[in-house]
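Scroll down for the structure; my scribbles are underneath it.
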Number of protein chains: 2
Amino acid sequence: MNTDNSIKLINLIRQEANNFLLKELKKIGLENIAPSHGDIFFVLFKNNELTMTEIANKINRDRSTVTTLVRKLMKLGYLDEKENPEDRRSSIIFLTKKGQGLKDDFDRISKKLYQMEYQGIKEEEKELFLKLLNKIYSNFK
Amino acid sequence: MNTDNSIKLINLIRQEANNFLLKELKKIGLENIAPSHGDIFFVLFKNNELTMTEIANKINRDRSTVTTLVRKLMKLGYLDEKENPEDRRSSIIFLTKKGQGLKDDFDRISKKLYQMEYQGIKEEEKELFLKLLNKIYSNFK
DNA sequence: ATATAATACTTGGATATCAAATTAAATATT
DNA sequence: AATATTTAATTTGATATCCAAGTATTATAT
């Protein structure tokens with residue numbers, strides 16, 4: 001066999017993980033939301049303040065995409081922006097109180113996701129799996 | 001550590017694999033094409049004739065999505081349809097000569113993709129990797 | 001000091017995608 | 001046989017996404 005179905009499986013796993021996350025986000029009141037919105041929360045929990053371009057780089061999306069994603073989260077009251085004193089072309093995006101309030105939920109959901117993912121998989125298998133994912137990713141870059 | 005970045009890596013690998021495929025498809029004259037279009041070719045190489053619903057199930061897309069994807073490939077001359085004698089609601093989709101002509105290219109590209117993916121990875125590692133992908137997928141379903 | 005280039009972001013246009021509604025045909029129920 | 005339900009496909013409407021083009025600001029080069 002020259003080929004296998006690993007890429008197909010990767011696509012399927014991604015879909016299932018996304019569906020899981022969307023369902024969990026819905027439970028905490030985040031509706032009509034894409035996984036990319038979730039990614040934005042994650043990078044802001046970690047970094048507090050970021051420009052549009054920084055967010056785009058961290059979540060691997062086009063800047064114009066991030067514009068619309070962030071605008072939506074602003075409209076919903078989870079994010080806000082302020083002037084960047086160092087560069088008037090850009091503004092700084094940050095979490096509002098309402099946005100910060102979701103951190104515990106996100107941590108919990110994230111934990112649940114990985115518990116589900118690795119159910120019945122031994123620690124050393126998991127480590128090899130991660131090693132191989134990293135290797136494969138670098139093979140493609 | 002409760003969590004890792006495996007899902008993120010899976011997303012990144014998927015993106016890179018998609019980009020690779022889009023680039024390769026462009027080389028053989030298939031432009032403005034999505035990976036899902038490629039998936040349709042693959043299932044038709046394997047099955048010759050399929051209804052819209054059958055294609056949708058095999059490529060894991062909504063039927064309305066498949067409608068537009070197939071219409072596009074028809075307009076480009078790669079696919080055609082004929083009446084389904086068993087059910088007048090549905091029609092049967094099949095590859096034209098032009099579409100069939102892409103089979104060798106697809107096989108070559110597919111081979112190239114997996115060679116790139118598994119570069120520097122031992123056979124037994126690859127097998128465990130596939131086992132784990134299957135396990136993880138079933139964990140999510 | 002001024003022109004040019006680079007950067008940050010937005011806008012506009014296109015497509016993939018899905019969900020919900022619609023239409024038509026096949027199947028099941030009464 | 002008449003009606004109801006299910007199914008196949010499409011249409012409609014919405015959003016995520018990208019790319020290309022545009023605007024404004026900052027950095028660099030002449």
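The values are calculated or read from the model by the stated rules, or taken from the named source; none is laboratory data. Keep in mind that what you see is a predicted model, and the values were worked out from it rather than measured. Reconstructed Cβ throughout: ideal geometry from the backbone, glycine too, with neighbour counts over all protein chains shown. Protein only, heavy atoms only, side chains kept; ligands, DNA and RNA dropped before computing areas. Shrake-Rupley method; radii C 1.70, N 1.55, O 1.52, S 1.80 Å.
For B:MET74, the point set 7 Å out from Cα toward Cβ sits 4.3 nm from its twins in the other copies, listed from shortest up. Computed from point charges on the beta carbon alone (+1 for Lys and Arg, -1 for Asp and Glu), the dipole magnitude for the protein assembly as shown about its Cα centre is near 540 Debye. Tell me the net charge near B:THR68. Cut-off is 12 Å between Cβ atoms, B:THR68 excluded, with +1 for each Lys or Arg and -1 for each Asp or Glu. Result for the neighbourhood of B:THR68: +4. When only Cα pairs under 8 Å and 6 or more residues apart are kept, what is the percent relative contact order across chain A? Result for chain A is 20 percent.
The angle separating the long axis of helix B:35-47 from the principal Cα axis of greatest extent in chain B is about 70 degrees. For region B:7-60 and region A:85-141, compute the distance between their C-alpha centroids and round to whole Å. Cα centroid to Cα centroid, the span is 27 Å. The residues packed around B:LEU9, meaning those with a beta-carbon under 14 Å from its beta-carbon, carry a net charge of +1 if Lys and Arg are +1 and Asp and Glu are -1. Taking all protein chains in place and a 1.4 Å probe, what share, in percent, of the accessible surface of the protein assembly as shown do carbon and sulfur account for? Ligands and nucleic acids excluded, carbon and sulfur reach 46 percent.
Please label the shape of region B:17-141 as rounded, prolate or oblate, based on the square roots a ≥ b ≥ c of the eigenvalues of the alpha-carbon gyration tensor (a/c under 1.5 means rounded; beyond that, a/b larger than b/c means prolate, else oblate). Verdict is oblate for region B:17-141. With label points set 7 Å from Cα along Cα→Cβ, the inter-copy distances at B:SER91 are 4.9 nm, sorted shortest first.
Summed over both chains, the contact between A and B buries some 4800 Å² of accessible surface at a probe radius of 1.4 Å.
The simple Förster model, with R0 at 35 Å and r as the Cβ-Cβ distance, assigns A:ASN57 and B:ASP105 a FRET efficiency of 0.55.
Overall, region B:6-102 carries a charge dipole of about 300 debye about its Cα centre when +1 sits on the Cβ of Lys and Arg and -1 on the Cβ of Asp and Glu, all other atoms neutral. When shorter helices are ignored and each DSSP H run of at least 4 residues is given -39500 (n - 2.57), the per-residue value for chain B at 222 nm works out to -21000 deg cm²/dmol.
The mean accessible area for residues of chain B, using a 1.4 Å probe and ignoring ligands and nucleic acids, is 57 Å² per residue.
Apply 1/(1 + (r/R0)^6) to the Cβ-Cβ distance of A:LYS72 and A:GLN15, taking R0 = 25 Å, and write down the FRET efficiency to the nearest 0.05. My answer for the efficiency is 0.70.
Each copy carries A:ASP62; placing its label point 7 Å along the C-beta direction from Cα gives inter-copy distances of 2.1 nm, listed from smallest up.
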